[in-house]
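Read-outs: derived from the displayed coordinates by stated rules, not from any lab. Computed from a predicted structure; not experimentally measured. With ideal geometry, Cβ positions are generated from the backbone for all residues, glycine too; neighbour counts draw on all protein chains shown.
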Amino acid sequence: MTAFDTAERRRATDARPVITELIDEATIQSIAEQAWISLVGEEEVLVPLPAELPADVLSSWVDVVGPWTGSVVLTTGRRTAEELSRALLRDSAPPVLDEEDVVDAFGEIANVVGGSIKATLPGHSALSLPSVGASPEVRNASDVCRIDLLWRGEPVAISVQGALPALPSSPDPHHPADPDRSTYENEVPL
Amino acid sequence: MRALVIDDSRAMRRIVSSILTGFGYEVRDAGHGGEALEVLNEGWVPDLATIDWNMPVMDGLQFVSAVRANPAWRSMTMMMVTSESEHTQIVRALAAGAHEYVIKPFTADAIRDKLALLGLLPQEVVL
Amino acid sequence: MTLTATSFDWVRQVVHRESAIVLAPGKEYLVEARLLPIARQMGLADVGQLVDNVRTRPSPENTRRIVEALTTNETSWFRDGDPFTALTTTVLPALLAARGAGERLQIWSAACSSGQEAYTIAMLLEDAMPNAAGRVSITATDLSREMVERTRAGRFSQLEVNRGLPASMLVRHFTRAGSEWEVNASLRRMVTATECNLAAPLPRMGPFDVVYLRNVLIYFDLPTKQAILRRVRSLMRPDGWLFLGAAETTLGVDDSWERVVLGRSSAYRPLKGA
């Protein structure tokens, strides 16, 4: 079954929107650029080029609950997450960043990007406080809008992904819903 | 001039604090609305409070309402600084008593411009 | 990387001369990122070609765009608020009193960039003088077609609406449009945007009662400043008002203007018989 078939069938059976009907890559890119200018530095540039993420990655995300429910997830190499946190803290960065500094600063970037993305969605939605850890799983491959960027030469991925599995009428063979692994069990304790 | 920076993110508190310090403010900070009320109850009532919306324990909107309920704190200007950026949310915050609203992401220039509008830029900052 | 060391040095010198801002070595990537859209818009392949083009055919307009792209991220709404305060407290009441009841007033926002100045004026009119707003039309002009189109669209990014626009005005005059904010239709109807090169003979416009020509003259040499002021005056009503940028003046440039102090700002009016 192709993704196209899945989307068609879903639309026929359910009014629940998927994210690709609500936002496009260009909008996420412009939201990310503005967040970077504001938080990371006024001269920071994000280049829209895909690149392989390193093995040791860290994610930060916020959940959006409303007419569309899901997460806005930033994923990058652990060292890049630290570099981002250092850039955020600027002069007030301690010589050695502890885990809490990274969780806090990297989480705040997800909060700002997520807030802007939430505002583009129809109706009213609520935003969770940010989480940092291993990325929540993609539950429904057709309910994802993802961009890949380079910041200072390092890959950063931003994924806006639905929290709900595909409906039974349109199972997604690549990402079966796994009831034993909820989003929050992946979270690293703060 | 004094400012109280209220945000659950330490990084964001540092960013906002350093901007305000640059304009000559004496700054204290708080991690949520409840902590901020403790500072006010100590008698340290600032000219300006910058207020995040989504925070644990007591959120920004609850804090604004609590401040509005106490006439002794009327002189304090309340500026939301938050990633909540929907039209209806801004209206809600203004209706609850916030004086200004800065949407994250913002630049230092945005804070300066808002303070200028509010007459709260203590130093003459040259563009 | 298309930017040679010579090109980068040229950009550094120009930016320093025009804005006193120093671009540190190592900012080549910034120059690339900010100037590439300008190069593309001029039909050039890259920033290197843009620099060559402006070096061999000097153009104050293109110099201004390069400098602005590198020195300002966003234009403020109530940039130097006083010239706007003066509009509703002094200038428009005087003009409305002097004109007949059915007569329209015309305001010109010259070098309007993406339209913040024109819409600031429109918002002030709707808020402070709702009865007069229907009698006023605002013409916004810019050299750049892209800027004219942006002004027409009336759409602004989150960062742009954060710059000096009171939150109460944001919620009153804008609605969200995706990740951007869009000026309400009533304001867009007041503003007509069109291309115009101030350094060349001007199209038929006006006559204008009020002209905002701010932070433009500083980019031109003395003879061009004089020519621009002369052309602008020819499109103004004899009792019109001209607002310049805080660091600009007609004094020593063109003596056919009278400077009038308005609160903390000042305006210029055509001298009778000059």
Legend entry - Computed helical MRE - 222 nm, chain C, DSSP H runs ≥ 4 contributing -39500 (n - 2.57), nearest 500: -12500 deg cm²/dmol
Legend entry - Highest-fluctuation residue, B:Asp59, B:Asp29, B:Asp113 considered, GNM on chain B with Cα pairs under 10 Å: B:Asp113
Legend entry - Antiparallel DSSP beta bridges within segment C:82-270, as percent of all bridges there, nearest 5: 40
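What FRET efficiency comes out for the pair A:Arg90/B:Thr88, r = Cβ-Cβ distance, R0 = 35 Å, nearest 0.05?
0.55
Give, as a single signed number, the net charge of other residues whose beta carbon lies under 11 Å from the beta carbon of A:Val113, with Lys and Arg counted +1 and Asp and Glu -1. Intermediate values should be presented prior to the final figure.
On the way: positive: A:Lys118, B:Lys104; negative: A:Glu33, A:Glu108.
Charge balance near A:Val113 sits at 0.
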Legend entry - Projected area averaged over orientations for the protein assembly as shown, convex hull of C-alpha atoms, nm²: 30.6
Inset, instruction - Return the percentage of antiparallel bridges among DSSP beta bridges fully within segment C:45-182, rounded to the nearest 5 %. - result: 50
Inset, instruction - Can you pull a Stokes-Einstein diffusion coefficient for segment A:71-175 at 4 °C (1.567 mPa s), Rh from Kirkwood over Cα pairs, as a whole number of µm²/s? - result: 85
Legend entry - Packing-based order for A:17-23, A:83-89, using average beta carbon neighbours within 10 Å, highest first: A:83-89, A:17-23
Legend entry - segment C:131-243: mean projected area of Cα convex hull, nm²: 8.5
Inset, instruction - Report the equivalent ellipsoid semi-axes for segment C:21-139 in whole Å, largest first, defined as the square roots of five times the eigenvalues of the gyration tensor built from alpha carbon atoms. - result: 40, 15, 11
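Taking K and R as +1 and D and E as -1, what net charge do the other residues with C-beta under 14 Å from the C-beta of C:Asp255 add up to?
Every neighbour counted, the sum reads +4.
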Legend entry - Percent of Cα-Cα distances greater than 27 Å, calculated over segment A:3-166: 23
Inset, instruction - Scan around A:Val57 for amide H atoms under 5 Å from its own, H built in the peptide plane at 1.01 Å from N, and keep only partners 5 or more places away or cross-chain. - result: A:Arg78
Legend entry - 10 Å Cβ neighbours from other chains, averaged over peptide A:85-93: 3
Legend entry - Debye log10 I(q)/I(0) for segment C:82-270, one point scatterer per Cα, at q = 0.19, 0.20 Å⁻¹: -1.41, -1.53
Inset, instruction - Work out, in µm²/s and without decimals, the Stokes-Einstein translational diffusion coefficient of segment C:5-71 at 4 °C, 1.567 mPa s, Rh from Kirkwood over C-alpha pairs. - result: 111
Legend entry - Contact order normalised by residue count of segment A:25-76, Cα under 8 Å, 6+ apart, percent: 23
Inset, instruction - With both partners inside the protein assembly as shown, how many of the DSSP beta bridges are antiparallel, as a percent to the nearest 5? - result: 55
Inset, instruction - Mind checking A:28-35 for the average number of partner chain beta-carbons within 10 Å of each residue's beta-carbon? - result: 4
Inset, instruction - Would you mind pulling out the separation of the Cα centroids of segment A:64-105 and segment C:212-274, in Å? - result: 51
Inset, instruction - Decide, for segment B:30-127, between rounded, prolate and oblate: order the square roots of the alpha carbon gyration tensor eigenvalues as a ≥ b ≥ c, take rounded if a/c falls under 1.5, and otherwise choose prolate if a/b is larger than b/c, else oblate. - result: oblate
Legend entry - Of B:Thr21, B:Thr88, B:Thr77, the one that fluctuates the most in a GNM where chain B has Cα springs shorter than 10 Å: B:Thr88
Legend entry - Sparsely packed trypsin sites (Lys or Arg not before Pro) within segment C:156-225, loop by DSSP, other Cβ within 10 Å at most 11: C:Arg204
Legend entry - Shielding by other protein chains, C:169-175, mean Cβ within 10 Å: 3
Legend entry - Sequence-separation-based contact order of chain C, relative, with Cα cut under 8 Å and 6+ spacing, percent: 16
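From Cα pairs below 8 angstrom and at least 6 apart in sequence, can you work out the relative contact order of chain B, rounded to a whole percent? Mind showing how you got there, number by number?
Details: 201 pairs, mean separation 28.6, N = 127.
In percent, rounded to a whole number, it is 23.
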